[in-house]
Amino acid sequence: METQSIEKSQRINLGARNVKFSDDAIKKLNYLLGTLFIGMSVLYFFRDNAGIAEKVVFCSAYFIMGLFFLFIKARIELSPTSKYAPHFLVSENGLKIKTGVLKKSQFIDWNDVKKIELGYYKIGIKDQTGLQFYPYQTRKETSIKIKRAIEDIAAQKGIEVENLLKK
């Protein structure tokens with residue numbers, strides 16, 4: 001769990017969604033897959049019995065997949081500091097939720113929150129517009145950190161917290 005110095009907040013990264021392997025192992029696997037895809041694009045380019053259109057399509061597809069694994073999966077998704085990495089940012093002012101690399105982050109002001117529901121890998125926020133659930137994928141330990149950080153701030157702000165797992 002990182003503490004950012006801009007304001008007293010906790011940034012909790014969701015990390016790799018695969019719970020069987022460590023984030024470091026997943027990162028190394030993504031680098032390996034990216035390198036293999038780029039290597040396949042080069043090898044396919046020099047293939048003799050493929051037509052020009054076939055070479056262009058397959059070389060481009062392999063190269064794009066290689067870049068996807070090298071940069072999006074390995075560098076951005078698992079980065080502890082990237083603003084594009086999936087994370088929760090719990091601060092005195094509100095809660096910022098970003099559940100995917102390509103998903104837009106959402107900021108929820110604590111002053112608008114009436115009730116919080118903590119479920120199985122999801123957070124429910126009730127405000128004047130109704131109850132909105134934010135599902136996420138992460139490891140069990142990370143999910144517990146997120147819920148504890150939210151409970152701590154909610155207790156300070158006097159917001160009702162309901163743990164749906166204890167029912």
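The values are calculated or read from the model by the stated rules, or taken from the named source; none is laboratory data. Here the structure is a predicted model, which means the values were calculated and not measured. In this analysis, Cβ positions are derived from the backbone assuming ideal geometry, glycine residues included, and neighbour counts consider all displayed protein chains. Areas reflect the complete protein model, heavy atoms only, side chains present, ligands, DNA and RNA absent. Shrake-Rupley method; radii C 1.70, N 1.55, O 1.52, S 1.80 Å.
Say whether the condition of being among the polar types (S, T, N, Q), exposed (fewer than 14 other Cβ atoms within 10 Å of the Cβ) and under 20 Å from the mean Cα position of the chain (by Cα) is met by at least one residue in the range 108-130.
The answer is no; no qualifying residue exists.
Mind checking which pairs have a first residue in the range 146-165 that is touching a residue at least 12 places away in the same chain (Cβ under 8 Å) and a second that is part of a helix (DSSP H, G or I) and open to solvent by 50 Å² or more (accessible area, probe 1.4 Å), Cβ under 8 Å, 6 or more apart or different chains?
Once the first residue is touching a residue at least 12 places away in the same chain (Cβ under 8 Å) and sits in the range 146-165, its partners that are part of a helix (DSSP H, G or I) and open to solvent by 50 Å² or more (accessible area, probe 1.4 Å) give 161/151; 161/155.
State yes or no: is residue 145 open to solvent by 70 Å² or more (accessible area, probe 1.4 Å), part of a strand (DSSP E or B) and of a type outside the set (Gly, Ala, Ser)?
For residue 145, the condition - open to solvent by 70 Å² or more (accessible area, probe 1.4 Å), part of a strand (DSSP E or B) and of a type outside the set (Gly, Ala, Ser) - is not met.
If you go through the range 94-114, how many residues are at pLDDT 90 or above and out of contact with any Asp or Glu (no Cβ under 7 Å at 6 or more places or on another chain)?
Number of matching residues: 12.
Residue by residue through the range 131-142, note down the ones that are closer than 15 Å to residue 95 by Cα and either crowded, with 18+ Cβ neighbours inside 10 Å or of a type in the set (Phe, Trp, Tyr) (or both).
Passing the criteria: 133, 134, 136.
Is it the case that some residue within the range 3-18 is over 24 Å from residue 144 (Cα atoms), at pLDDT below 90 and outside any loop (DSSP other than H, G, I, E, B)?
The answer is no, given that none of the residues of the range 3-18 is over 24 Å from residue 144 (Cα atoms), at pLDDT below 90 and outside any loop (DSSP other than H, G, I, E, B).
Can you tell me which residue within the range 44-93, out of those that are buried (at least 17 other Cβ atoms within 10 Å of the Cβ) and small (Gly, Ala, Ser), is nearest to the chain's Cα centre (by Cα)?
85
Taking the range 99-121, which residues are without any contact (Cβ under 8 Å) to a residue 24 or more places away in the chain, over 16 Å from residue 154 (Cα atoms) and either in contact with a Phe, Trp or Tyr (Cβ under 8 Å, 6 or more places away or on another chain) or of a type in the set (Phe, Trp, Tyr) (or both)?
121
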